[in-house]
Amino acid sequence: MKIKFASANPATGSLAVPVFENSTLSDAAKAVDKTAGGAIARAIKASRFSGKAGETLEIYAPSGMEAGRIVAFGIGAKAKLNGSVLERAGAALVKSLLTGGESDLAVVLTTVADAEGAARFGLGCRMAAYRFDGYRTTLDASKKPSLKTVTLVVDDEKAGKSAWKSWGAVADGVDLARDLVNEPPNVLTPPAYAKKVQGLEDTGLEIEVLGEKEIKKLGMAALLGVGQGSVLESQLVVMKWNGGKKGDAPLCFVGKGVCFDSGGISLKPGAGMDEMKGDMGGSAAVVGLMRALAGRKAKVNVVGIIGLVENMPDGNAQRPGDIVTSMSGQTIEILNTDAEGRLVLADALWYAQKEYDPKFIIDLATLTGAILIALGHEHAGIFSNDDAIADGLTKAGLASDEKVWRLPVGPEYDRQIDSPIADMKNIGEGRLAGSITAAQFLQRHVNGKPWCHIDIAGTGMWSGSKDPRLPTFGTGYGVRLLDRFVRDNYES
Ligand code: BES
Ligand code: MN
Ligand code: ZN
């Protein structure tokens, strides 16, 4: 589905008009209502539509107009209208029309949204139009999306198009992250994934792929230990976007890319194990972010690093009891092979600091089931040694509608991960503070750099969300958050 901009209502296709709460017609809705002989006001009166953000009401074949239908959509209170509301309204509107038979929709946003707001609306439209149907060969034609273009009618067409250059790039990044999470694990193997990322060189990113031989040379035994029970080769992929000043220290994003997490020898229970195809969601967010930054030519230097492995239980698999030496030189006693994400990240974090001396490092990972218990699907957990970054991410979360909630890290938790025979063990004691001890483990591989860990086990995967922006299992969480964070703080 394509987003277009125009400065006047097109003559054909369907027409959508915004309505404020308490069924207050916007100026655009009033004008269309007049042409339609009062059909909008009458239909609203005969329904329970009240103009709350997310509501829609379809009016068919209004007399005196070309439009096949008029759709009234709610945008809530005038005083509370912002980017998030517009994004949600756009998503609700597209969700209601996506497979309904119409191919062209125009949305009259004049007087309610500026160019930036309209582009945000467009992002919502794109998010709701996302599908993952590539593997369905027998899907009935009537169930396929019919909607092909959404034209946003704005006061300043040129400004709208220019704003969409940025927000369209974000939409592309979100789509890509979702695709990666939704892909089955027999298709998106670590080598196939690395190859796919290499294809992004077209967008202006510099891509480097390291295989097991090179990874071994770097001393990443913690990462390699996770992948050693798989027949598939582990990979480390580095993506660079050099949009900033030459010589400026880069921002660095690191992602957990466990393409399938069976748990290894500490095998997971069977029910729901299929969802562990999404255990590379952190890496997908990093790839999606890099794509977004390149797409909108962000004026900043950024390095994205993803560790790609498959956690499987074969005869060569890592055992509980094994001790490995991470790239940092610290030894780790493996007491549960299902606590593998932190092992991958430990080496990727160390590599990031050593190789790129970044301004800061933010890692994203579907790291712990415990974060779902604490925060559900609605907030990601953040853990940081730097208040400014944690605060910046919290603000970016509210602005982008990808929310985060800070949890503590600190030496109080060290005793849980101290090992009697190695420098540390890879799990804490019992079930207490599981997300925090995982973060504390990561912090032991942070060498003085400002750092933040984002646990997206809940937010990165969500089947059955009622939010029209989240139509599939893979949410693409993290792309909008981090794009906002970078845009608001590091681009001058
Ligand atoms: N990938 C999982 C975490 C996860 C669980 C993500 C559920 C999404 C949904 C991670 O590798 C894992 O298995 N963590 C264990 C850690 C435990 C063994 C200390 C967990 O959370 O149970
Ligand atoms: Mn695991
Ligand atoms: Zn995992």
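The values are calculated or read from the model by the stated rules, or taken from the named source; none is laboratory data. This structure is a prediction, so every number in the text was calculated from the model and none was measured. FYI the Cβ positions are ideal-geometry reconstructions off the backbone, even for glycines, and counts take in every protein chain you see.
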- Message: Restricting to the stretch 464-492, give me the number of residues that are touching a helix residue (DSSP H, G or I) at 6+ places or on another chain (Cβ under 9 Å) and either outside any loop (DSSP other than H, G, I, E, B) or without any contact (Cβ under 8 Å) to a residue 12 or more places away in the chain (or both).
- Response: 12
- Somewhere in the stretch 454-461, is a residue more than 16 Å from ligand 3 (Cβ to nearest atom) and not small (Gly, Ala, Ser)? no
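Name the strands (runs of 3 or more DSSP E) wholly inside the stretch 1-118 in which the number of residues that are over 21 Å from Ala163 (Cα atoms) is 1 or more. Spell out the reasoning first.
Values: elements: 2-6, 14-20, 56-60, 69-74, 104-108.
Here the list reads 14-20, 56-60, 69-74, 104-108.
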- Go through the stretch 10-30 and give me each residue that's out of contact with any Leu (no Cβ under 9 Å at 6 or more places or on another chain) and under 13 Å from Met65 (Cα atoms). Pro10, Ala11, Thr12
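Inside the stretch 241-291, can you point out the residues that are surrounded by fewer than 23 Cβ atoms within 10 Å (Cβ to Cβ), at negative phi, part of a loop (DSSP other than H, G, I, E, B) and within 11 Å of ligand 1 (Cβ to nearest atom)?
Ser266, Leu267, Lys268, Pro269, listed by residue number.
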- Task: With respect to Arg484, determine if the residue is under 14 Å from the mean Cα position of the chain (by Cα) and more than 23 Å from Met276 (Cβ to Cβ).
- Result: yes
- Query: Could we say that Leu393 is buried (at least 19 other Cβ atoms within 10 Å of the Cβ), under 26 Å from Ala92 (Cα atoms), among the aliphatic types (A, V, I, L, M) and out of contact with any Pro (no Cβ under 8 Å at 6 or more places or on another chain) here?
  - Reply: no
- Message: If I filter the stretch 120-135 down to residues being of a type outside the set (Gly, Ala, Ser) and more than 12 Å from Arg178 (Cβ to Cβ), which single residue comes out as nearest to the chain's Cα centre (by Cα)?
- Response: Leu123
- Answer with yes or no whether Asp338 is modelled with pLDDT of 95 or more and within 17 Å of Gly278 (Cβ to Cβ). yes
- Residue among Gly430, Gly460, Gly464 that is buried (at least 24 other Cβ atoms within 10 Å of the Cβ), farther than 21 Å from Phe360 by Cα and not charged (D, E, K, R): Gly460
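On the basis of being closer than 20 Å to Phe132 by Cα and either touching a residue at least 12 places away in the same chain (Cβ under 8 Å) or in a strand (DSSP E or B) (or both), does Pro185 make the cut? If you could, list the steps in order and put the result at the bottom.
Details: closer than 20 Å to Phe132 by Cα: yes; either touching a residue at least 12 places away in the same chain (Cβ under 8 Å) or in a strand (DSSP E or B) (or both): yes.
Yes; evaluated as a whole, the condition is true for this residue.
Would you call Ile373 among the β-branched types (Val, Ile, Thr) and over 25 Å from Ser234 (Cβ atoms)?
Working: among the β-branched types (Val, Ile, Thr): yes; over 25 Å from Ser234 (Cβ atoms): yes.
Taking the combined requirement at face value, the residue satisfies it.
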- Looking at this structure, is Glu340 closer than 19 Å to Gly255 by Cβ and within 12 Å of ligand 1 (Cβ to nearest atom)? yes
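Sort out which residues of the stretch 253-305 are β-branched (Val, Ile, Thr) and free of Cβ contacts under 8 Å to residues at least 12 places away in the same chain, and write them in order of number. Break it down into steps so the answer makes sense when it comes.
The initial filter retains those residues of the stretch 253-305 that are β-branched (Val, Ile, Thr), namely 254, 258, 265, 286-287, 300, 302-303, 305.
Within the stretch 253-305, none qualify.
If I go through the stretch 202-219 residue by residue, how many of them are assigned to a helix (DSSP H, G or I) and surrounded by 14 or more Cβ atoms within 10 Å (Cβ to Cβ)? First the steps, then the outcome.
We begin by selecting, within the stretch 202-219, every residue assigned to a helix (DSSP H, G or I); these are 202-203, 212-217.
Applying the additional criterion that residues be surrounded by 14 or more Cβ atoms within 10 Å (Cβ to Cβ) yields 203, 212, 215-216.
Summing the residues that are assigned to a helix (DSSP H, G or I) and surrounded by 14 or more Cβ atoms within 10 Å (Cβ to Cβ) in the stretch 202-219 gives 4.
Answer with yes or no whether Ala128 is within 17 Å of Thr56 (Cβ to Cβ), modelled with pLDDT of 95 or more and in a helix (DSSP H, G or I). Steps first, answer last, please.
Values: within 17 Å of Thr56 (Cβ to Cβ): yes; modelled with pLDDT of 95 or more: yes; in a helix (DSSP H, G or I): yes.
For Ala128, the condition - within 17 Å of Thr56 (Cβ to Cβ), modelled with pLDDT of 95 or more and in a helix (DSSP H, G or I) - is met.
Of the residues Leu308, Leu335, Leu364, Leu372, only one is surrounded by fewer than 21 Cβ atoms within 10 Å (Cβ to Cβ), within 16 Å of ligand 3 (Cβ to nearest atom), under 17 Å from Gly281 (Cβ atoms) and in contact (Cβ under 8 Å) with a residue 12 or more places away in the chain; which? Walk me through it before giving the result.
Details: Leu308 fails: surrounded by fewer than 21 Cβ atoms within 10 Å (Cβ to Cβ); Leu335 fails: under 17 Å from Gly281 (Cβ atoms); Leu364 fails: surrounded by fewer than 21 Cβ atoms within 10 Å (Cβ to Cβ).
Exactly one residue qualifies, and that residue is Leu372.
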- Query: Can you name the residue in the stretch 292-305 that is of a type in the set (Gly, Ala, Ser) and in contact with a strand residue (DSSP E or B) (Cβ under 6 Å, 6 or more places away or on another chain) and is also surrounded by the fewest Cβ atoms within 10 Å (Cβ to Cβ) among such residues?
  - Reply: Ala294
- Task: Run His445 past the list (1) of a type outside the set (A, V, I, L, M, F, W, C); (2) within 21 Å of Phe485 (Cα to Cα); (3) surrounded by 20 or more Cβ atoms within 10 Å (Cβ to Cβ); (4) away from ligand 3 (no atom under 16 Å from the Cβ) and report the number of the one that doesn't hold.
- Result: (2)
